[in-house]
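First the structure, in the form of structure tokens, and then the observations on it.
The values are calculated or read from the model by the stated rules, or taken from the named source; none is laboratory data. Treat the numbers as computed from the prediction; the structure is a model and nothing was measured. Cβ: placed from backbone, ideal geometry, glycine included. Neighbour counts: every protein chain shown. The accessibility values were calculated without ligands, DNA or RNA, using every heavy atom of the protein model including side chains. Shrake-Rupley method; radii C 1.70, N 1.55, O 1.52, S 1.80 Å.
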Amino acid sequence: MRNTARWAATLGLTAATVCAPLTGAALAAPAAAPASLYAPSALVLTLGHGESAATVGAARAVTLSCAPGPSGTHPAAALACAELRAAGGDIDALAGPGSAMCTKQYDPVVVTVDGVWQGKRLSYERTFANECVKNAAGSSLFTF
């Protein structure tokens, strides 16, 4: 009978040691709150002169963050974020042909956009024939 009591005491202490972290405050602690109520929307935009982003260094670069509010170094952050929201993040929809009259001079300008838009990875590159054609696209996203 003595061994049974000793065995029961040992089993009880072992159970208490193993299960103690699973009771009380550990179970009552709430899950970690999300860092933000908004899906991340942060982009880096670059502009360079040449055929493609792989062969050209960036002449200018800006940042654009749209959630929870427009911010970053983009000169027209609020307007650019509004255009992106209206287009559902589709940059091709923003880079349509403009109505400006441009020369046919070929002096290529490469624009890249990399980052996250509403929680989804975004990577975009477009080569415009020249600066005038880029500006004629009609989007404030490319005016930096």
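If you add up the charges near A137, with Lys and Arg at +1 and Asp and Glu at -1, over every other residue whose beta carbon is less than 15 angstrom from its beta carbon, what do you get?
Working: positive: R126, K134; negative: E83, D90, D92, E125, E131.
Taking every other residue near A137 into account, the sum is -3.
Considering only protein heavy atoms, what per residue accessible area in square angstrom results for the range 62-144 with a 1.4 angstrom probe?
Numbers: 4250 Å² over 83 residues.
For the range 62-144, the solvent-accessible area averages 51 Å² per residue.
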> Over the range 79-137, what is the mean sequence separation of C-alpha contacts under 8 Å (at least six apart), divided by residue count, expressed as relative contact order in percent?
Replying inline: 34
> Which order do R126, R85 take by accessible area at a 1.4 Å probe, largest first?
Replying inline: R85, R126
> Roughly what would the spin-label model give for A61 and E125, points 7 Å off Cα along C-beta, in nm?
Replying inline: 1.5
